[in-house]
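Reading through the structure tokens given below for one structure.
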Amino acid sequence: MFKDVPPHKMAAPLLQGLSTGIEDWIDEVILGNVVGPGGNIARLSALEAGLPLSISGMTIDRQCSAGLEAIRTASLFIQGGAGDCYVAGGVESASTSPFPKRAQFAPTHIGDPDMGVGAENVAQKYGMTKAVQDDYALESYRRSWSAYDEGFYTEEIIAYDGITHDEVFRKKRDMARIVNRAKPIFDLENGTVTAANSCGIHDGAAAVVVMDEQLANELGMQLILRFQDSEVSGIHPNYPGITPVPAITKLLQRNQLTIDDIDLIEINEAFASKIVACQDELTIPVEKLNVSGGALTTGHPYGASGAILVTRLFYEVQRRKDVRYVLAAIGSAGGVGLAVLFEVIQ
């Protein structure tokens with residue numbers, strides 16, 4: 001439904017909705033974007049949204065983690081005293097991208113796999129079968145559809161041109177049969193990664209308001225999540241899916257926390273192999289991870305996906321009690337992982 005909509009027009013209603021009533025306090029719009037069309041899409045989107053001309057814009061490309069990096073950057077700017085209020089997130093229109101092929105992620109002599117090939121590399125390195133990945137995918141689909149039926153996703157969506165639904169929620173009969181029959185698409189002989197245990201290529205936008213706590217209190221805002229800390233890590237580009245592991249590990253160690261201390265964790269579901277590997281390596285309980293599904297159902301609009309994770313946490317913690325720490329993490333092409341820790345304000 002967004003196939004003819006350029007990214008700045010897709011982001012504009014989102015920025016309008018988030019900025020209503022706080023226009024005089026916004027210092028900047030920070031948006032992640034990966035596949036173009038280039039230029040400063042954050043500034044263009046802010047102007048398209050009719051925000052005051054004084055509100056500047058900055059566009060970030062950290063590949064799949066760009067939207068989460070935008071939120072992290074805004075938080076660090078506030079901590080450093082550079083500003084008090086930011087709208088941060090990301091937008092992606094894979095449908096209208098002018099680029100005929102992907103960018104180079106790493107030097108060829110090191111290894112520059114497509115993301116699907118990287119997902120196969122992770123599956124092979126960690127001895128992961130297709131059945132294990134399919135089982136995770138089916139559970140993710142079940143959780144996504146359950147959350148959708150409960151109206152959880154509706155809470156997150158800002159209408160675009162009167163549209164208030166996500167068109168991907170069309171239940172398929174006998175999903176298990178579809179998943180089981182799907183064939184490998186990146187390694188045709190020995191592969192385990194299929195279209196059914198991989199995310200789709202989608203268009204979308206997501207953003208949040210990041211504000212200094214004192215200002216938020218003065219404006220009567222409801223405080224939900226407090227930025228606590230973040231970590232970025234790099235590993236071999238051949239294994240991009242496992243990058244959240246060192247980022248999360250360092251982040252927890254620095255804050256003297258363990259996985260047991262984290263109540264909810266959102267990791268982008270680009271590929272089931274990625275999530276299963278991260279879950280196993282970090283020993284994440286299934287009841288804490290991606291509790292309302294994720295990108296395997298709703299897709300992965302690259303630059304926006306990190307902000308979708310934070311949005312999901314924002315709403316999920318409000319439906320729960322006795323939640324203190326939550327975490328969002330995402331892996332990126334080139335072997336870069338990003339994790340952000342939030343404290344829940346109750």
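The values are calculated or read from the model by the stated rules, or taken from the named source; none is laboratory data. Source: prediction; values computed, not measured. All Cβ positions, glycine included, derive from the backbone under ideal geometry; neighbour counts span all protein chains shown.
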Of (1) over 16 Å from residue 69 (Cβ atoms); (2) in a loop (DSSP other than H, G, I, E, B), residue 34 satisfies every one except (1)
- Message: Being of a type outside the set (Val, Ile, Thr) and at pLDDT below 95 is the requirement here; does residue 101 meet it?
- Response: yes
The helices (runs of 4 or more DSSP H) lying entirely within the range 92-202 that contain at least 1 residues which are surrounded by 20 or more Cβ atoms within 10 Å (Cβ to Cβ) and more than 21 Å from the chain's Cα centre (by Cα) are 115-125, 130-149, 175-181
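Residue-by-condition table, conditions (1) part of a helix (DSSP H, G or I); (2) touching an Asp or Glu at 6+ places or on another chain (Cβ under 8 Å); (3) not hydroxyl-bearing (Ser, Thr, Tyr):
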residue: 228; (1), (2), (3): no, yes, yes
residue: 231; (1), (2), (3): no, no, yes
residue: 238; (1), (2), (3): no, no, yes
residue: 250; (1), (2), (3): yes, yes, yes
residue: 253; (1), (2), (3): yes, no, yes
residue: 266; (1), (2), (3): no, no, yes
Residues of the range 104-122 being closer than 24 Å to residue 7 by Cβ and in contact (Cβ under 8 Å) with a residue 24 or more places away in the chain, in sequence order, are 105, 114, 115, 116
The residue from 238, 255, 268 that alone is touching a helix residue (DSSP H, G or I) at 6+ places or on another chain (Cβ under 7 Å), farther than 30 Å from residue 8 by Cβ and of a type in the set (S, T, N, Q) is 238
Per the filter on the range 265-287, residues charged (D, E, K, R) and buried (at least 19 other Cβ atoms within 10 Å of the Cβ) are 266, 269, 274
- Inspect all residues belonging to the range 7-29 and state whether any of them is closer than 17 Å to residue 301 by Cβ, part of a loop (DSSP other than H, G, I, E, B) and at pLDDT 95 or above. no
Out of (1) more than 30 Å from residue 243 (Cβ to Cβ); (2) of a type in the set (A, V, I, L, M); (3) free of Cβ contacts under 8 Å to residues at least 60 places away in the same chain, the one residue 1 does not meet is (3)
**Message:** Considering only the range 233-250, I want to know if a residue exists there that is of a type in the set (A, V, I, L, M, F, W, C) and free of Cβ contacts under 8 Å to residues at least 60 places away in the same chain.
**Reply:** no
